[in-house]
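Rule-based calculations on the coordinates, nothing more; no lab input. None of the values given here were measured: they were computed from a predicted structure. Here the Cβ positions follow ideal geometry from the backbone for every residue, glycine too, while neighbour counts run over all protein chains shown.
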Amino acid sequence: MNTAVIVFPGSNCDQDVMHAVAGSLGTKVRAVWHKETTLPEDTDFVILPGGFSFGDYLRCGAMAARSPIMKAVAEHGRRGGLLLGICNGFQILTESRLLPGALLPNRTLNFVCRPCFLRVESVSTPFTSLFSKGQVVQFPIAHGDGLYTLPEEELKALEDRGGVVFRYSDSDGLTGDNANPNGSANNIAGIVNERGNILGLMPHPERASEALTGGEDGRVFWQSILESFTKGGR
Amino acid sequence: MTYRVSIFIELQEGVLDIQGKAVERSLAGMGHDALRSVKVGKYIQVWVETGSAEDARKEAERMCDDLLVNSVIEQFRIEVEGE
Amino acid sequence: MEYTQAGLRETEYEEIRRVLGREPNECELRIMGVMWSEHCSYKSTKNLLKLFPNNGDRVVLGPGENAGIIDLGDGLGAAFKAESHNHPSAVAPYQGAATGVGGIIRDILALGARPVASMDGLFFGEPSSPRTQSLASGIVHGVGGYGNAVGVPTVGGKTAYDPSYNENPLLNAFCIGLIPLDEIVSSRTARPGQAVVLLGSKTGRDGIAGAAFASVELSEDNKASRPSIQIGDPFGEKLLIEACLEMNEKKLIVSMQDMGAAGIISSSSEVAAKSGVGMILHFDKIPLRAENMEPWEIALSESQERMLLIVDRSYLHEVMEVAEKWELDCAEFGETVEGDEYTILFHGERAASLPATLIGDRCPLIPWPSRRPADLEKKWEFDVDDIPLPEDWNETLLSLLADPSLASKKRIYEQYDSMVQLNTVIGPGHPVSMLRIKGRDSLIAMTLDADPWKCSLDPFRGGAETVARPVRDLAVAGARAAGLTDCLNFPSPEVPEQYWVLEECVKGMAEACGAFDCPVVSGNVSLYNESPDGAILPTPVVGTVGIIPSIDAALSAGTWEEGDVLFLVGPCNPSLAGSRYLLSQGKLAGRPLPFYPEAEKDFVERALKTASAKAAHSGRALSGGGLAAALAKESMESGIGASISLSIPTRKDILLFGEGCARALYAVPMSRVPLFKVLWNGYPCIQLGRVGGERLSVEGAFSLTVSELLSKWRNG
């Protein structure tokens, strides 16, 4: 499985993502500059990493979503290719309308960085196939604009179709205000598109890919992706 | 001719305006008893070279569609200087 | 123009005239006025700084460079430095803090190193005052706003409060980066015939004469000081970091210099002077973003996110290509020449012509008079019998834990990204921060500390304690201190008593550095931290770095386990002088304990062995709040209580709250107790009790549940 990590000016988790994927899977990972107009030919998996692309100016992810490479990224997603947006990457996916909704400033108006428990809501996505439904995992968060919002009816539709993949919870898997770090609607931490090939999440799985530096739940995340790819041949 | 176009961007009704709420609380805490509510938005100016004020407005609207406004959560209005 | 208007003293003006052999013109006067200000020239402290030991086995680069570098082994170096940004933070807290963080990052970058972590020393005034809360909020947001965006994790720091900082908050920013030893970029390697290039943001009027601003006390009307504030753009800095590292990786540059205080003039003249070349600069080639800027304004502008590059002509094109990729302005604006002449040309006119070595280096030093304060002995008058024992031990401990200088800083450090770059093994909220080095077993350990209260009571002993504390912390964690960087924050040196205090602090620090064989590899001085309302406490801040051979040899804090035996190593007669316990009752009195070099060195060796032999589950050197604070913090972090009985004749409050000397609290698993006792045989060591249960209880003193402690410590 060949992975392409898109690098925007201001991205700062691109090298982290490359390290985590290469370290967890041993597969080929390449950095792709935002000004390119095509993805490398054999690209199977595209990641939009975290950071502050374009300084978060105007709106988080707004300018990155209009970068030259995004046409090819959207095409990859529309063809059913695996596409993942982490943190700023999730913001870019919503700005690109590849995922529904928007990310607003945290309810506390403060940036927050800490370990974070998530409940796995859906294991029928290629990103979560190796987890079990209801399993509680730990992926750290680090964001100032993570409040997921969606109009009422669309939110209901998202929930009904099982589009919520990760929900903020406590260590026992219980959701609630105290366990929600940013005020996201329905405690939503990560969602997937209807087809199931595009995932956006605010927490950072690459920061939980090594026991020494944050926990290993992220490894299962990367392994799910590889396993699903290998099985599905996508 | 060069026109200065002012674009006022605000969150749509129903979208949580946390900044507005926070500012409202601060002002109320400072004793502004007449205050009822606050909405925090953005003000962007663009200078464009077009044939008419109407064309300038159209250019600005295109820019809003292309980048400046996220229509999922924001709405906007435009004022053209000289119109 | 009068030389006084440029901020020059008479001796300085005379020296300039003597060296030039003529009257300096206005542009030259303004340039010299800023370059010879305290902030840029260190004219008041150069002699004092010579007292610091600068050499050591691991020192690759010492003071006087962009940052110091220590050898981590196997061809890798760690570059680190701390810098203050106090005066700007008082006037515009967010931007002052943001640009402070940005500035120190560029110093590390200028050596070709990738910045990998930051720490911050924050000193604020009376915690309940609205002004302090407003300053503190702005500064914390500024540190986070810049650090998070630029992608450098903030992994530690120190935050403390004292009324003396009411109008003069302190912001000391520390940064560390990694660099292969054979890729270090030097400022001494420029040769004649090379291109002088400016990379980064356009130059405007930001912060002009800001360096001079930092050398002057803050006046009543600080609104008038506003134009001197620089505005930071972390996005621009991130691009600058990537561009510079890419250029260095491709070996395209000869030399690099950060543009900080006095921007263009300071960076270019420094490279010229150190390399032994002259320069001819065409200021009309510099990309500007303000209109009608005069040469002196361009020279002194402190517009942020700019670097000076010296480039061999044959590589200019490639340099421009990298700059274009990262969408940074890049302009060739001068050339290096033979000789020592530094010339500024502007639209065909010669605006200034000065010897390069004169600008940065030959400012006459000022021998300020020094006088021992008359009230020193009075401060030491302190009868411990006048201090009543606590009536309610529980309330007393909770009060201590709620003291803002001791309380949990979680609310602050969770606003900082402490994990980006995937190297953080132990982050903020612990005595020592640890970073792993990818591809290696060894880890970097570091910590930032200060004790202004002890420095104000006895500057020599306080200075030594300031150096000793981080060394003890590192040793307990399993790291031998390899080098330190210092930020000396002091009031005006023009008051003889204040100068004496500065002198004594430096002497005390130097004594401890010598004893520990821990050289000062870089540093910064910030003077004139006072206002009409008063002067700050003498505040030397130290950032100390060490190496742990592997994760196995590292000992964490806050990880004691049920059944562990608790030991206190170190003298049992600490002192309440300058202790957090007395301070939280509003008392600053007594004479802190002396520095005992032999005992300190002994402690370090035993602590290192304890860590590498895995003889303990958890270890914490004692500092603010003494044994009581250490016990509380260990039990709160571990989530388990302990039962302690103190069978020593020392008064309980002195034993529990006293500070000073090399002491530590260890939690030792039963099976390792014999080994532990052997390792500490010959050093004072007493058994305190056992870890277990929900309560932290000290017989005859306090007894509280872990949740009660946490609630007070976290929420005040």
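For the protein assembly as shown, the square roots of the Cα gyration tensor eigenvalues, ordered a ≥ b ≥ c, give a/c of at least 1.5 with a/b no greater than b/c, which places it in the oblate category.
Among C:Met307, B:Met63, B:Met1, a tally of other beta-carbon atoms within 10 Å of each Cβ gives an order, fewest to most, of B:Met1, B:Met63, C:Met307. Treating r as the C-beta distance of C:Ser703 and A:Asp170 and R0 as 25 Å, the FRET efficiency rounds to 0.30.
Against chain C, whose longest principal axis comes from its Cα atoms, helix C:263-275 is set at around 90 degrees. Cβ crowding within 10 Å, taken as a proxy for footprinting-reagent exposure, orders A:Ser96, C:Ser579 from fewest neighbours to most as A:Ser96, C:Ser579.
With 10 angstrom as the radius, rank A:Asp14, A:Asp172 by how many other C-beta atoms surround their C-beta, starting from the fewest. Let's see the in-between values first.
Numbers: A:Asp14 23, A:Asp172 9.
Ranked by crowding around the Cβ, least crowded first: A:Asp172, A:Asp14.
Summing Lys and Arg as +1 and Asp and Glu as -1 over all other residues whose Cβ lies under 14 Å from the Cβ of C:Val525 gives a net charge of 0. How would chain A be classified by its alpha-carbon gyration tensor: rounded, prolate or oblate, with rounded meaning a/c under 1.5 and the a/b versus b/c comparison settling the rest? It comes out rounded by the Cα gyration axes. Could you state the angle between the C-alpha long axis of helix C:10-20 and the longest principal axis of the C-alpha atoms of chain C, as a value from 0 to 90 degrees rounded to the nearest 10? Long axis of C:10-20 versus the principal axis of chain C: about 40 degrees. Of the GluC sites (Glu not before Pro) in the stretch C:1-56, the ones in a loop by DSSP (not H, G, I, E or B) with at most 16 other beta carbons within 10 Å are C:Glu2.
Can you check what the net charge comes to around A:Glu206, using other residues whose Cβ is under 14 Å from the Cβ of A:Glu206 (Lys, Arg +1; Asp, Glu -1)? Please report the intermediate quantities before stating the final value.
Details: positive: A:Arg207, A:Arg219, C:Lys438; negative: A:Asp14, A:Asp16, A:Glu210, A:Glu216, A:Asp217, C:Asp417.
Value of the local net charge: -3.
Helical content of the protein assembly as shown, expressed as a calculated mean residue ellipticity at 222 nm, amounts to -9500 deg cm²/dmol (DSSP H runs of 4 or more residues, -39,500 (n - 2.57) each, divided by residue number, nearest 500).
Count, for each residue of B:12-20, the Cβ atoms from other chains sitting within 10 Å of its Cβ, then give me the mean as a whole number.
On the way: counts 1, 0, 3, 4, 7, 2, 9, 3, 0.
Mean inter-chain Cβ contacts per residue within 10 Å come to 3.
Compared with the dominant Cα axis of chain B, that is its longest principal axis, helix B:53-63 is turned about 60°.
For C:Asp329, the amide hydrogen comes within under 5 Å of the amide hydrogens of C:Gly200, counting only partners 5 or more places away or on other chains and with H modelled in the peptide plane.
What is the average number of partner chain Cβ atoms found within 10 Å of a Cβ in B:72-81? Before the final figure, lay out each step's value.
Working: counts 10, 9, 2, 0, 0, 0, 0, 0, 0, 0.
Going residue by residue through B:72-81 and averaging, the value is 2.
Peptides C:487-500, C:50-63 ranked from most to least packed give C:487-500, C:50-63, packing being the mean of other C-beta atoms within 10 angstrom over each peptide's residues. Each other residue within a Cβ distance under 10 Å of C:Pro115 adds +1 if Lys or Arg and -1 if Asp or Glu, for a net charge of 0.
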